[in-house]
Amino acid sequence: MGESYKMVYDEGLDNWVRGTKDTTDDTTFAAVADSAASQTLLAANASRVKAIITNDSTARLYVHFKAEAASTTNYGVSLAQHETWEEWHYRGEIRGIWASDPGAGSARVTEFV
């Protein structure tokens, strides 16, 4: 298998370019139980490279990319059961709220730093 490199955004080129050799394996996993109340899915992290969110609840998940309450009308992405969202550029807080609270699922969250 070839070597792995971190990707770095070059504002002058307005593009992602190969940066330093990737020698880290810092990945965290979490399950956030479904709730009809807004809650943090991921805290802000300046080192975040990528986040993956999968909704395994029967209720729709509304994801908000801002450090304020998520709601069914204040969100950036809506995920039905078993849908997944990959976020490459956002390093701030990610919040979520479900359309209802069936108590039968969660958001499966993976963060790469």
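The values are calculated or read from the model by the stated rules, or taken from the named source; none is laboratory data. Note that the coordinates shown come from a computational prediction; the quantities given were computed from them, not determined experimentally. Ideal geometry is used to build each Cβ from the backbone, glycine not excepted, and the neighbour counts take in all protein chains shown.
Summary table
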read-out	value
Restricting the range 92-112 to residues that are within 13 Å of the chain's Cα centre (by Cα), farther than 11 Å from Asn55 by Cα and of a type in the set (A, V, I, L, M, F, W, C), the residue that is surrounded by the most Cβ atoms within 10 Å (Cβ to Cβ)	Ile94
Residue list for the range 78-107, restricted to those being among the hydroxyl-bearing types (Ser, Thr, Tyr) and in a strand (DSSP E or B)	Ser78, Thr84, Ser106
Neighbours by Cβ (under 6 Å, 6+ apart or cross-chain): first from the range 77-98, over 16 Å from Thr110 (Cα atoms) and modelled with pLDDT of 95 or more; second acidic (Asp, Glu) and not in a strand (DSSP E or B)	Trp98/Asp34
Near pairs, Cβ below 9 angstrom, 6+ apart or cross-chain, from the range 43-63 (closer than 14 Å to Ala30 by Cβ and among the basic types (Lys, Arg)) to any residue that is at pLDDT 95 or above and not in a loop (DSSP other than H, G, I, E, B)	Arg48/Leu42
Conditions (1) over 15 Å from the mean Cα position of the chain (by Cα); (2) modelled with pLDDT of 95 or more: number failed by Tyr62	(1)
